[in-house]
Every structure is written in C-alpha cells, then in structure tokens.
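First the structure, in the form of structure tokens, and then the observations on it.
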Amino acid sequence: MADPSTYRPRPGSIPTDPGVYRFFDAFGNVIYVGKAKNLRQRLNSYFADPASLHFRTQTMVRTAARVEWTVVANELEALQLEYTWIQEYDPRFNVKYRDDKSYPWLAVTWSEEYPRVFVGRGAKKRGTRYFGPFGQAWAIRETVDMLLRVFPMRSCTQGVFRNARSAGRPCLLGDIGKCSAPCVGRVSEEEHRQIVADFCSFMGGNTAGIIGQLEHDMLQASADLNFEKAAVLRDSLGALRRVQEKNTVVLGEDTRADVVGFADDGQQVAVQVFHIHAGRITGERGWVADRTDDRDLTELLESFLLQLYREFDVAVPPLILSSVEAEHTLVELLAVQRGAKVDIRVPLRGNKRMLLDTVVKNAEMALSQRQTKRASDLTTRNRALDEVGEALNLPSPPLRIECYDISHTQGSEVVGSMVVFEDGMAKKSDYRRFIIKSFEGSNDVAAMDEVLRRRLRRLLDDRPGESGGEGPLLIDPTTGAPRRFSYAPALIVVDGGLPQVNAAQAVLDDLGLADEIALCGLAKRLEEVWVPGSEYPVILPRASEGLYLLQRVRDEAHRFAIAHHRSRRAKNMVASTLDTVPGLGEMRRKALLTYFGSLRKLRAATPEEIAQVPGFGPRLAEAVFAAVADTGGEAINLATGEVTDT
C-alpha cells in the first residue's frame, strides 16, 4: 500500500472553494469520489495522523496513489458533479445501494389504442403510466383482479388481443365480466379509454370521488327499479372497499410523500422507503449496502435520494420524511428535478413520527436478516475463517475461537466474559462468566490477565500428566459429562488494542501455551486487528468476511459481559437497599419482588400500597417506603435484574 505522504498535495496548493475530489489508485482507477464546501479543509483531513483516521479512511488513503480536485461555483454544483462521477467511475470505496430485489410495478400502456394493465418489473418505458413499486407481486395482482370487476379494462397481451379480434370471440375474461372486450367491439375506443382513466384515477388516490359516483349510480339504478344494475354496482363497491382496506390511510388523504428510514451498524447500512400517495402506502422498497467509507448518515442520505430519484426512476414527491437530517443543497437539487418545492424533514411527533418509526423498524429488521443470513451461510463462514487464518499467518483456519471482554462501572463489580465460536457460529453452551475478586478498581489489563489465567489453567488441569502428552481428558471420569474447558482454542481474541494483547500474550508465555494458541486483539474505535510483537495493526479489507467474523465475536463478548455486569449490579443494589430495613426477611423480600416487579414501581408506591403486600403491616410498609424513597437515578427490574437510567 502507498504512503499517503508520498502524494500529499503541497501546503497551500489546495483551494478553499467548494468542489469535488477524486482519489486514484496506482493503476489510474478512481477509487473514491467526494465533495466538500472547503476543499483544502476536507482534503487535509485525509492526510492527518493515520491513527486518528477511521479504519475505512485509512484503507482508502493507503490504497490511493494520487488525488485530484475540481472547483465548482457552489455546493449545489458540487453535489451534482459528485453524483455524476460516482455513476461514471463506480468507485470501490463509495457506498453503493444495491436493490435487494426487483420490485414490481403496476403499468398501464396509455399510449396504445386500447390500453392494457399488467404487473411487471424492470425499466420504465415511454407512453406507459406506472404505479408503485409494490412490495409483493402477488398482492398487487390480487388487487388488480378485484379492480377489473369494477373497471373491466383490457389486461391481455397483444397476441391474445389480435387472436380474439380475428376470431370475433372474446377470451375468458370477457365472458366472466373482467374485461369490456374492446377486441370484439363491445365498447368503443373512447368508452374503453374512459374505463382506463377511472382505473388510473383510483390507483392515483382519487378513491372518494369514484366510490361516491358508484354509490350515486347504485341508488339511481335502484330508484329506476333497475335492480340488476344496482346489484352489479353494489358488488363493485364491495370490491373497491376491500381494496381500500388493503391500503389503509396512514396520513392525510391529500398527502403525497416518501418516508425514508436508515439503520446502521457501522459495517452495513439498510434503507427502507415507503411511498405514500393520497395518504395511503402504495409501495415500499428496501436496500442493504456495505459501508465502504466513513461518511455520516447525512451524506449517505444525499447519495441515496439522488440514486432513488434518478436511477430507479421514482418521481420526486413534494414531501420526504427522513430519519436523518438533510443538507439544504439536497433540497434545492431535488426541487430543481421536480420543478417545484420539495420539503425534507424529520418528524418529531404525531402520525408522521409513528410512520417513520415503522419504516426505521423495517430497515432494522432487514439489516438483522442480512446479518443472520451472512452468519449462517456455510460458504461465507468458511471464507471468513480462511481470511482470518491468512491474515494472522495461522497454519490452518481457526475452527474454535474464544473471545474475552471485561466490564465494570468505575472499577466496581468487575466481571469478565468468554464467548466461543466454532466453525464461525456461536456455541453458547460453552460461554463462561468470570467474577474478578483479586483486586478492586479500574484495571482492564489486570482483569484480562486474571480471566485468561483461570481459563487456561483449567485447560491444563484437565490434561493428564504434566506435559499433556496423552491429549486432553475430554470426559469427566466421575460424572461422565464432557469437560468443556478441555478444548483448547485455535485463536483467542481479546477486546482491545495492544495493551490487552500484550497482557494476554504474557499469560500464554507463562503457561507455555504460546506455540499452541494464536492470539489477536480487535480495537473497537478503528476496527484494527493487533497481534503480539507487531508495531502496526493488521489491516483487513473493509468488505472482508474475516473482519466481519471478528467483529461479531467481539460484539458478542461485549454483550455477554455487559449483561453479566448489569445483573450483578442490580442484585447488589436491591440487596443493599432492602437489607437496611429492620424486620424484612427473605420471604417478605421475595413477596415485594413479586408484587411490584421493579424498584421504580416500589419507589413510586405509597406506604398504603406497600402495606397491601401479603405479610406487610403499616409499620413495616413505612420502613420500606423510607428505605427506597431516597434511591434515585436508576430503575431496576427486580425479576430480570436489568438496570436502566430514570
């Protein structure tokens, strides 16, 4: 990789104007495109101390061999040029939103002599009116099937239409009333086009007007004693109302908007969009993309909306509700594209906020599904293990990985966690928790030393003989149960940087396991992989499955340690609070826990309410009330031990 200092522009040579810059690799390929309000300030940030840069930025600047820039008049032009160059060069370090599936459209071929309706996918064509996109093809086909009873327009292909016209006999749809059969002259071209216009009007959101007209016609037919026609209109109204039930009004009926929600876990970003027309959800789409740069979500919103409304040929609505704040330049650019005012805002309350929360939840679920699929795929897991083995120069892929983390609150209730991954999958039956008792205070290195010594000594104790030459004793001879600590890990991962790695290496050296067990650390801030005795970290590619596996292992160890720490902290707080109450024994304490469920509810209770607990009298209730009244700042679930801020 190149040293960024070798191609850094001379001081003062970079202009302070707005513009767009491009990073090139040694082969002349554009690997990153970005924009800036101040080119000098932005580009200088890439050539700062590498340790202060994000992992993804470090990888990009080390891959690049030169940087060029272009000055423009304002931020709006910079945004336009950035988008154009991203589409032209397809840089590898820019985030690319790939549609996770092909979404169906409802299309009406308005330019044909006898327009037809169909459900299709792919690019749009001129002379065709489109509605959607929709989430599932079967759902929109079912809707069209019901609407054809009300608006019997043509839905057959051109070949079927020509055959019916030449034969002088309509197809089955014409016989059952789902087509007005313009092929045999049952309706004129003008009459058929009016049916199509009513269909498009209904799909466009004019539901109230069409339903009102049908109700008027039904009542008029009934008054004219034309009960057969009235019955047909009644059935048509029923079909339209069933369609309406599938598209519930979520906002005001005059609202046309797109709702955009983001979910980001640092490695991937998921985006979900709900299309709102006439207050109803008429379609939804979702994307999941790998994060290949360290842009914030505001910049990701810009690139996403530009791609949505240009590449995917979606009409720009007057209102965009987003979970991320937007820059004013993006609003201006979309307004130019739409030819009218565009408003992008983050709703804080009301129906719009509730709808946005739903969209964000869908994005989070899509991200979770992608993570689960990625973690459970056998080929992906094998590739991840191979990449980790190659990056750490291991003789074979690490089939058993153990990761350790420390958790505490300002040195109190120090605990450690051990999680185990075998063949790239979590093996929760082998998870272990450790309570640090040898010291008090905030010393993660000493705590890591104790946890590893206790675990690895148990490994050695389970081996027969001093050298363990006969292999590990995997079955307990007295109980017949497997000794889970008897399995040696191929790789130990510690949550932290070089200090934690050096402490772990010292333990391996002291116990004579350094040649048997590999070791690395994963620093959370820059996602750097540290190995013992190395001055610089190992840099895994951003899209590396190996890095993703190490991150999952590290995050699982962190989660497990936090859960253990909170549980112990909650129990100690409850015990210290209630133990001061005279006359409150074990049975009465359990009765309190069962009755109230959380310390917050107990603290909010009056002495009279506490006295309602079985076995409690007024005097004991007053003592409990006095003991818990001054316990503030945190709420504790007495059943689960979960601690939350109040």
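A short reminder: the numbers here are calculations on the coordinates, not readings from a lab. From a predicted model like this one, the values you see are computed outputs, not experimental measurements. Positions of Cβ are backbone-derived with ideal geometry, glycine not excepted, and every protein chain shown enters the neighbour counts.
At most 10 other Cβ atoms within 10 Å and a DSSP loop assignment: could you name the chymotrypsin sites (Phe, Trp or Tyr not before Pro) in region 4-51 that fit?
F27
Find the centroid of the Cα atoms in region 378-399 and in region 268-335, then give the distance between the two in whole Å.
37
Could you check the spin-label model distance between T298 and S201? Points 7 Å from the Cα along Cα→Cβ, value in nm.
Each label point is offset 7 Å from its Cα along the Cβ direction, giving 4.6 nm.
Taking θ = phi - 60°, what integer Hz values does the Karplus form 6.51 cos²θ - 1.76 cosθ + 1.60 yield along region 342-356, in sequence order, with x for Gly and Pro?
3J(HN,Hα) across region 342-356, in whole Hz: 10, 10, 10, 8, 9, x, 10, 7, x, 5, 5, 5, 4, 5, 4.
With a Förster radius of 30 Å, plug the Cβ-Cβ distance of I562 and R453 into 1/(1 + (r/R0)^6) and report the FRET value to the nearest 0.05. Don't skip to the end; give the middle numbers.
Details: r = 23 Å, r/R0 = 0.75.
FRET efficiency, I562 to R453: 0.85.
Could I have the simple spin-label model distance between L172 and I435, label points 7 Å from Cα toward Cβ, reported in nm to one decimal?
7.3
So what J values fall out for region 506-522 if you push phi through Karplus, 6.51 cos²θ - 1.76 cosθ + 1.60 with θ = phi - 60°, rounded to Hz, Gly and Pro as x?
These are the phi-based 3J(HN,Hα) values: 4, 5, 4, 5, 5, 8, x, 10, 5, 7, 9, 10, 7, 9, 7, x, 10 Hz.
Taking amide hydrogens as modeled 1.01 Å from N in the peptide plane, which residues meet the under 5 Å criterion relative to D17, leaving out close sequence neighbours?
L39, R40
For region 602-615, what does the Karplus curve 6.51 cos²θ - 1.76 cosθ + 1.60, with θ = phi - 60°, yield as ³J(HN,Hα) per residue in whole Hz, taken in order and with x for Gly and Pro?
Each residue's phi maps through the Karplus curve to give 5, 5, 7, 6, 8, x, 5, 5, 5, 5, 6, 5, x, x Hz.
Enumerate the amide H contacts of R66 below 5 Å, restricted to partners 5 or more residues apart or on another chain; note that Pro and chain-start residues carry no placed amide H.
Those lying under 5 Å, H to H, from R66 are F24.
Taking amide H positions as placed in the peptide plane 1.01 Å from N, state which residues far from L519 in sequence (5 or more) or on other chains have amide H under 5 Å from it.
I492
For region 257-362, max minus min Cα coordinate along each principal axis, in Å, sorted largest first?
36, 29, 24
Could you check the simple spin-label distance between R165 and Q194, using points 7 Å along Cα→Cβ, in nm with one decimal?
2.2
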